[in-house]
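Below: one structure, written as structure tokens.
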Amino acid sequence: MNPKSAVNMVKTLGVSTTIKRVVNMLKVRSGFIERIDPAEAFGVEQLQRHLKGVAPSKLLKVIQESPPPFFFDAKDDAWRGRVRQAFDEEHRAALLERVQKIEKGIIRHYSATEFDMGRPIRWHWAPQDDVEWPADRHWCRYGQFAAGLGDVKNVWEINRFAFAYDLVRASVVFDDDRWLGVGLDLIDEWIDANPPALGPQWNCGQECALRLMSWHFVVRAAVNRGVIDADRLARIAASIYRQTARIDHYISFACSIRNNHSLSEAIGLYTTGVLYPWFDKSVRWRQRGHSILAREVDYQCFTDGTYIQHSFNYHRLAASLMLWATRLTHLHEDRLPARTHAAFERHFDYLFQMVDDRSGRVPNYGPNDGALILPLAECDYLDYRPILQAGARQLGKADRFEPGQWDELSDWLGIERKAEPDGALAQRTSQSYPTGGYYNFRAGDAFGMTRCHTYFERPHEADMLHFDLWYRGQNVLRDAGSYSYNCAEPWLSYFKSTAAHNTIEIEGANQMVKGPRFIWYEWTRSEFIGRGEFDDGAGEWWEGRHFGYEKRFGVVHTRRIERRGSDDWRVIDTLIGNTQTGGMLRWRMIDCPVVLDEKENAATLSLDNATATISISGGDALESIEIVRGREGDKPDGWESLHYGRKSPLPVICVAFAGKLPVTLETRIKIAPSD
């Protein structure tokens, strides 16, 4: 790294975080990590030295006689009946098909694409890249962006064992414990293929933590049902101990990067600590996990309920971790501080306000790595209702939704559901979240969202003043998503760019200056100007501006959004400055039939049960208007990614403009329902 890049890095990350990262880098390069987390055999024999008052062969009996509190008891017939009630024939058939494939080694990645991973599973194969990762070196000697190995997430994905939740679910839904046996067999296969501290599956403490959460589900259900023997439990317990020790040895790195990794790893420590009190380090892990979790939640969850990572999928990930932690600490009478619970409540309330009423989806905003760490409902990956319903119940609030498939998660976590809805479902209204810079609009059939934020934590995408619009469950104007964290250009840059969002791009440049990998320089500054209702009560307005182009191009972008009813929207973009400039306004649309009228500068969209017309005016500044869909090459356009590693084309209105500032462009969106 050259001196200029080093200075920019310190400015971007801050002195404290930079120092922590340098210290952790030195720990790796000096060999310190390999000394404290050695690649040495660790099985039942080694576990014996780390148990308190019990032999490995007696561990099963001890757990059966004095089981530490957990979310469910798989022997409870009444509970099993409640879980089964959530399944109709269609969902039973879908679950059965998935677990039958899992038994054969055919496993879904990122809740989307199935790959035949073989049996025994090829744990180090990344099928998307068709690369077999070497598994013969200490975990700290792997580079997560090593040339020739592709995306490390692709080799980690099935090693999280998210598929194991389906096996536990199937054991209850079909009243067939053999599915627990399949889960135990796959755990055994993993242990055989991943000696302690060797290989990429030990490289990330978060991956270890998420894997352990899944294993705890399988093991506890197997113990409850009496389908695991003492020798097998001892062997799995040894691996649980060793993976938890791996987290403990290097959780300092997760804390230095200030994101969901530290939450996951803290919960990994805490969960093993309370579920295996016979481990010699159980008290340390319990206390350390509890302490780090409380500290990190306080830091990462902003005072208005928004989240440090500027991403709805990461918001759900953090919500899932906090729900697990809140429930487990409650069961163990080990409550988190009141301020942490308050942050948890704000976190859920904000997310609820950002979900679409009909689909349960949220804007495809921010980085989306495909994480769904508690897949305990027969709902689509993009459906956020399971976590919101369970979170509301855990917090003692009214149900967020009518009864549905999303209730199953509550049952698995042992959270009581109301016997019948009481009609007091929570409502959504237009809200402002100025700390995180999110603003939404609510009116009948429509839901909108925009961004206006001055970054004080690391940004991921150059997307200020992006506008999302939903109508009757359809994401009419939408974000591109994030696609992949390690792919070839131009895709690596495209999905993060200003061009991949519903905002204005000046002179083909991003609103911020791109640094390496996840780094941006010259973070965008913004100003929320105001919002209010029209005097006639028929709608509302919102206004904000950003200064991302001021330093380089002398341009300030102001956006005003006006809503009248749910079917009439205006977006007025004003570019201010003392210069001549040019750029592009983009409207990324749902992939539906679209007709462009170039003479009227308007596009007509055929939605389900509605027609939407998007018209743009800008006087002499307008140069051209076109619809681009699925363009490739050096400057791609017209793409989106709803699942990690998958992209698909969609239509984008591209409006080119140029002129002496000020320039004003007005977009009007009119929606006419057909029923």
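The values are calculated or read from the model by the stated rules, or taken from the named source; none is laboratory data. Every value quoted in this text rests on a predicted model; they were computed, and no experiment measured them. Because the Cβ atoms are built from the backbone with ideal geometry, glycine has one as well, and the counts that use them run over all protein chains shown. Just the protein is used for accessible areas: all its heavy atoms, side chains included, with ligands, DNA and RNA removed. Shrake-Rupley method; radii C 1.70, N 1.55, O 1.52, S 1.80 Å.
Points to keep in mind about this one:
- Cα-centre dipole for the chain with unit charges at Cβ (Lys and Arg positive, Asp and Glu negative), debye to 20: 2460
- Candidate cross-link partners of LYS52 among the aspartates and glutamates, defined by an alpha-carbon separation under 17 Å and a same-chain spacing of 8 or more, comprise GLU65, ASP280.
- Modelled spin-label separation between ASP597 and ALA342, with each label point placed 7 Å from Cα along the Cα-to-Cβ direction: 5.5 nm.
- Contact order, relative form, for segment 267-319: 24 percent (alpha carbon pairs under 8 Å, 6 or more residues apart, mean separation divided by residue count).
- Projected over every direction and averaged, the convex hull enclosing the alpha-carbon atoms of segment 56-161 yields 10.6 nm².
- Accessible area (Å², per residue) of segment 44-202, counting only protein heavy atoms and a probe of 1.4 Å: 42
- In terms of packing, defined here as the mean over residues of other Cβ atoms within 10 angstrom, the peptides 237-248, 258-269 line up highest first as 258-269, 237-248.
- Derived scalar couplings between HN and Hα for segment 431-448 equal 9, 10, 10, x, 5, x, x, 10, 9, 10, 9, 10, 6, x, 7, 10, 8, x Hz in order, rounded to whole Hz, by the Karplus curve 6.51 cos²θ - 1.76 cosθ + 1.60 (θ = phi - 60°), x for Gly and Pro.
- Surface share of carbon and sulfur [accessible, 1.4 angstrom probe, percent] for the chain: 49
- Relative contact order, percent, the chain [alpha-carbon distance under 8 Å, six or more residues apart]: 10
- Which of ALA164, THR611, VAL62, positive extreme of dipole for the chain (C-beta unit charges): VAL62
- Charge tally in the Cβ shell below 15 Å around LEU622, where Lys, Arg are +1 and Asp, Glu are -1, LEU622 excluded: -4
- Rolled with a 1.4 Å probe across the full set of protein chains, the surface gives LYS496 an accessible area near 10 Å².
- Per residue, segment 425-543 exposes 31 Å² of solvent-accessible protein surface, assessed with a 1.4 angstrom probe and all protein chains in place.
- Measuring with a 1.4 angstrom probe and ignoring ligands and nucleic acids, MET584 comes out at about 40 Å² accessible.
- Dipole check for segment 98-186: with +1 at the C-beta of Lys and Arg, -1 at the C-beta of Asp and Glu, and the Cα centre as origin, the magnitude is about 160 Debye.
- Helical runs assigned H by DSSP (4 residues or longer) give the chain a calculated mean residue ellipticity at 222 nm of -11000 deg cm²/dmol, each run adding -39500 (n - 2.57) before division by the residue total.
- Linear extension gain, ILE576 paired with ARG29, 0.36 nm per residue minus alpha-carbon span: 191.9 nm
- Electrostatic bookkeeping for ILE251 treats Lys and Arg as +1 and Asp and Glu as -1; over the other residues with beta carbon under 9 Å from its beta carbon, the sum is -1.
- Counted charge near GLY554, where neighbours are those whose Cβ lies closer than 13 Å (Asp, Glu -1; Lys, Arg +1): +1
- Long-range HN-HN contacts of MET117 with modeled amide H, under 5 Å: ILE106, ILE107
- Subtracting the Cα-Cα distance of ALA656 and VAL15 from 0.36 nm times their residue separation leaves 226.6 nm of extension gain.
- What segment 340-403 shows is 25 Å² of accessible area per residue, with the surface traced by a 1.4 Å probe over protein heavy atoms.
- The phi torsions of segment 91-101, fed into the Karplus equation with coefficients 6.51, -1.76 and 1.60 and a -60° offset, translate into couplings of 6, 4, 5, 5, 5, 4, 4, 5, 5, 5, 5 Hz, rounded to whole numbers, with Gly and Pro shown as x.
- The packing ranking, built from the mean of other Cβ atoms within 10 Å per residue, places the peptides 99-110, 598-609, 156-167 in the order 156-167, 99-110, 598-609, highest first.
- Mean Cβ neighbour count within 10 Å, used as a protection proxy, ranking 655-665, 205-215 highest first: 205-215, 655-665
- Taking every protein chain into account, the 1.4 Å probe leaves ASP77 with about 110 Å² of accessible area, to the nearest ten.
- When both segment 130-195 and segment 580-625 are represented by their alpha-carbon centers, they are found 46 Å apart.
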